[in-house]
Amino acid sequence: MESGLSSLLSVSIDFETSHLFFPRIVHWLLACLFLLVLVFKIMPFLAAVRRGERTLPIIGETMDGLRFFGTLALIVAYFYLMAAVGNLFPYTGYGFLFVSMAFVFLMSLLFMHERARKNLVIAVINAIVAPSLAWFVLAKLFNITLP
């Protein structure tokens with residue numbers, strides 16, 4: 001009787017594959033959610049396009065080349081400069097902090113429709129506060145090493 005009870009209360013863990021348990025669950029949940037979105041949103045939309053009731057949002061639309069290519073250039077520069085500036089101040093997170101401030105400000109300027117004084121002040125405050133808050137939480141509170 002005791003051997004049966006001890007086998008119910010014992011747990012054996014395969015440490016070589018145990019770290020894959022939750023990622024597998026998340027992958028299957030994401031796959032199921034994707035299928036639900038596909039069935040309930042995308043298929044009816046494509047059927048309406050086929051009937052001529054709706055149009056595809058990409059075809060026939062004008063593209064804002066300055067913002068599109070400007071965003072791509074800023075993203076590439078952001079990652080390159082974050083590593084370069086981060087090497088000047090190793091293990092402090094200043095590369096993340098300084099480059100993120102410039103990145104947020106330049107992205108705000110790129111997508112700002114009216115460059116009024118009020119909008120520029122808001123963009124500057126946002127460019128200073130948001131990365132500083134993220135840097136403080138990640139680097140100082142959680143001790144996460146930033147570039």
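No lab work stands behind these numbers, since they all come straight from the coordinates. Since this is a predicted model, take the numbers as computed values, not measurements. Positions of Cβ are generated from backbone atoms using ideal geometry, with glycine treated the same way; all protein chains shown enter the neighbour counts.
Listed values, structure above:
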item: The stretch 65-141: relative contact order in percent, alpha carbon pairs under 8 Å with at least 6 residues between; result: 29 percent
item: Candidates Ala116, Ala31, Ala73, ranked by Gaussian network fluctuation over the chain, Cα under 10 Å, top entry; result: Ala31
item: Qualifying chymotrypsin sites (Phe, Trp or Tyr not before Pro) in the stretch 37-119, DSSP loop, other Cβ atoms within 10 Å at most 11; result: Tyr91
item: Of every Cα-Cα pair in the chain, the percent that sits beyond 23 Å; result: 67 percent
item: Cα centroid of the stretch 64-107 to Cα centroid of the stretch 1-53, whole Å; result: 36 Å
item: Within a Gaussian network of the chain (alpha carbon springs, distance under 10 Å), most fluctuating of Ala48, Ala130, Ala83; result: Ala48
item: Ellipsoid semi-axes in whole angstrom, largest first, where each is sqrt(5λ) of the Cα gyration tensor of the stretch 11-61; result: 42, 11, 5
item: For the stretch 86-98, Karplus couplings with θ = phi - 60° (6.51, -1.76, 1.60), whole Hz, Gly/Pro x; result: x, 6, 6, 10, x, 6, 10, x, 5, x, 4, 5, 5
item: Distant-in-sequence amide H partners of Arg54 (H built 1.01 Å from N, under 5 Å); result: Val49
item: Globularity ratio of the stretch 65-141, using Cα Rg and 2.2 N^0.38 Å; result: 1.17
item: Of Val85, Leu29, Ala102, farthest towards positive along the dipole that unit charges on Lys, Arg, Asp, Glu beta carbons give the chain; result: Ala102
item: Estimated 222 nm signal from helices in the chain, with DSSP H stretches of n ≥ 4 weighted -39500 (n - 2.57), rounded to 500; result: -21500 deg cm²/dmol
item: Neighbour-count order for Thr55, Thr62, Thr92, fewest beta carbons within 10 angstrom listed first; result: Thr62, Thr55, Thr92
